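Step one of this worksheet: look at the structure below.
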Amino acid sequence: MSLPIYPNRVDTGDNLIGSVPAHWTRSALKRLATYQNGFAFKPEDWAAEGQPIIRIAQLTSDAEPNYFAGELDGRLRVSTGDLLFSWSATIDSFIWRAGDAWLNQHIFKVSPTEEATKSYLFYLIKFLAPKLADLDAHGSTMRHIKKESLGQLVYVPTLDEQVAIATFLDRETAKIDTLIAEQENLIALLAEKRQATISHAVTKGLNPNVPMTDSGVAWLGDVPAHWKLCSLRRVISAIEQGWSPECHAREAEEGEWGVLKAGCLNGGIFRPTENKALPPELSPDPSYEIHAGDLLMSRASGSPELVGSTALVMIARPRLLLSDKIFRLRLNSFMVPAYFAAALRSRALRIQIENSLSGGNGMANNLPQSSLLSFLILVPPREEQQAIAEYIDDAVNKMDRLQAESERAMNLLKERRSALIAAAVTGQIDVRDVVTQEIPAKEALFA
């Protein structure tokens, strides 16, 4: 899309803003709206019923809210259509759509003054917030907006022009969001196909004509008649846990010792960069060093779906240590490690892992050795295990490449959306005559 530019522009002298249309007015975020901060709810304030509490998790995901049954200052109440500005961790603007709720801390409810429209502020904050967070970082690992940042100089168009800009962005970002959603759906479908492919291969095999028999296990159904069903205690010859000392919050440099984090196995892929540097005053135990050929399993995580993530180490950098949140498994000779790692990603094994956990999201979820050893696994002849492992590796690699392409496309679309918002709210493009009668209401997004 080729868009016109404003004919007359002036340089603001502000690196954040750049040049703006000459007729735009100098102002500040604090003059364009009032910013009501939320209440510092504590766990003891939560209730089983009442009005939901809006935390950042409710703005960025489908996370279930906590509830508050009491009464607070009416200014802390949020209703459908309110503009919200999360100023800590996730820096962004949102429109609340889920009915009456209470505002939690680290979120502003934004009420425009006569100088601004809500629709334009939504996009202006979306453009400015991450840039202000970078200015306010001061070496902190937690990004946030300081109250004084609301005095940031901005240049704003007339109210009618604000509505035109917001209407244009509503329409164009909706098109981009539709394309992003298509890529997200494709990635979700690939994830389903990936597990279905693995699950079928390790429970039914590769030969559709092989004689089948009832496994006697409801969630397994019929299995190849010549396969054996046994517990993992017959497959695993030894289990080792590592060491988790207090480490530096950074990756170990070349030549330094590092301790693996549980996240190094997420998705069944070994990531040696997911480690923390061991302080030099602590002496490493060389028996915990990771080597090529090691079979590693995550035994603990705050996310239940990540517990049991298993990977075979193909290449190991020197001086990486096993942590106590990871099992190192030794298998009996009849089991092919690559097949075993694939089987741990199948639905049959995931059911058993998830049923053995008692925690929830955000809580400690541990996989006891006793539970692990009780899990059931199907064991084909060794040659067949090898063929299945190679088949799964080839199929999964193809799907991973498709996912990587979708992720690249999605990232480009997000960059395009951000660039379009930036160009419109800073007056780099003139959209006044681009808005047509396709949009029936001036602030349709906020109705």
- Message: If the elastic network links every pair of Cα atoms under 10 Å, which of N15, N275, N185 fluctuates the most in the Gaussian network model of the chain?
- Response: N15
- Task: Run the numbers on region 25-156 and let me know its relative contact order in percent, using alpha-carbon pairs under 8 Å that are six or more apart.
- Result: 34 percent
- Per its Cα gyration tensor (rounded if a/c is under 1.5, else prolate when a/b beats b/c, else oblate), region 25-156 is best filed as prolate
- Query: Which of these values of Cα extents along the principal axes in Å was calculated from the structure shown: (i) 70, 65, 50; (ii) 79, 57, 49; (iii) 80, 46, 44?
  - Reply: (ii)
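In region 228-336, what is the volume of the convex hull around the alpha carbon atoms, normalised per residue and reported in Å³?
Working: hull volume 11.6 nm³, N = 109.
Hull volume over Cα atoms, normalised by residue count, gives 107 Å³.
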- Count of Lys pairs (Cα-Cα under 16 Å; at least 8 positions apart or interchain) in region 131-238: 4
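For n ≥ 4 DSSP H runs only, could you compute -39500 (n - 2.57) per run for the chain, divide by its residues and tell me the 222 nm figure to the nearest 500?
The per-residue figure over the chain is -10500 deg cm²/dmol.
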- Message: From Cα pairs below 8 angstrom and at least 6 apart in sequence, can you work out the relative contact order of region 228-336, rounded to a whole percent?
- Response: 37 percent
- Query: Which residue, G38, G74, G293, tops the fluctuation ranking in a GNM of the chain built on C-alpha contacts under 10 Å?
  - Reply: G74
- With the calculation restricted to Cα positions, what are the radius of gyration and Dmax of region 6-87 in angstrom? 19.4, 58
- Message: Using all alpha carbons of region 219-259, what is the percent of pairwise distances in each 5 Å bin, ordered from the shortest bin to the longest?
- Response: 5, 13, 14, 11, 9, 8, 9, 9, 10, 10, 2
- Query: Which three extents, in whole angstrom, do the alpha-carbon atoms of region 48-109 cover along their principal axes, largest first?
  - Reply: 29, 23, 19
- Antiparallel %, DSSP beta bridges [both residues in region 25-156], to 5: 90 percent
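Taking 1 over the mean of 1/r across every pair of different Cα atoms in region 361-404, what Kirkwood radius in Å do you get? Mind showing how you got there, number by number?
Details: mean 1/r = 0.0727 Å⁻¹.
It works out to 13.8 Å.
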- Note on the structure: Magnitude of the Cβ-charge dipole (Lys and Arg +1, Asp and Glu -1) of region 25-156 about the Cα centre, nearest 20 debye, reported as 580 debye
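Can you bin region 314-386 into rounded, prolate or oblate? Criterion: square roots of the alpha carbon gyration tensor eigenvalues sorted a ≥ b ≥ c, rounded for a/c under 1.5, prolate for a/b above b/c, oblate for the rest. Don't jump to the answer; show the numbers that get you there.
Working: a/c = 2.19, a/b = 1.18, b/c = 1.86.
Here region 314-386 falls in the oblate category.
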- Query: Using θ = phi - 60° and the Karplus form 6.51 cos²θ - 1.76 cosθ + 1.60, what ³J(HN,Hα) does each residue of region 243-248 get, whole Hz, x for Gly and Pro?
  - Reply: 9, 10, x, 6, 10, 5
- Item | Relative contact order (percent, whole number), the chain, Cα cutoff 8 Å, 6+ residue spacing | 17 percent
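Bear in mind that the values in this text are calculations on the coordinates, not laboratory data. Just so it is clear, the structure is predicted and the values come from calculations on it, not from any experiment. Counting neighbours? That spans all protein chains shown, and the Cβs are built from the backbone with ideal geometry, glycine included.
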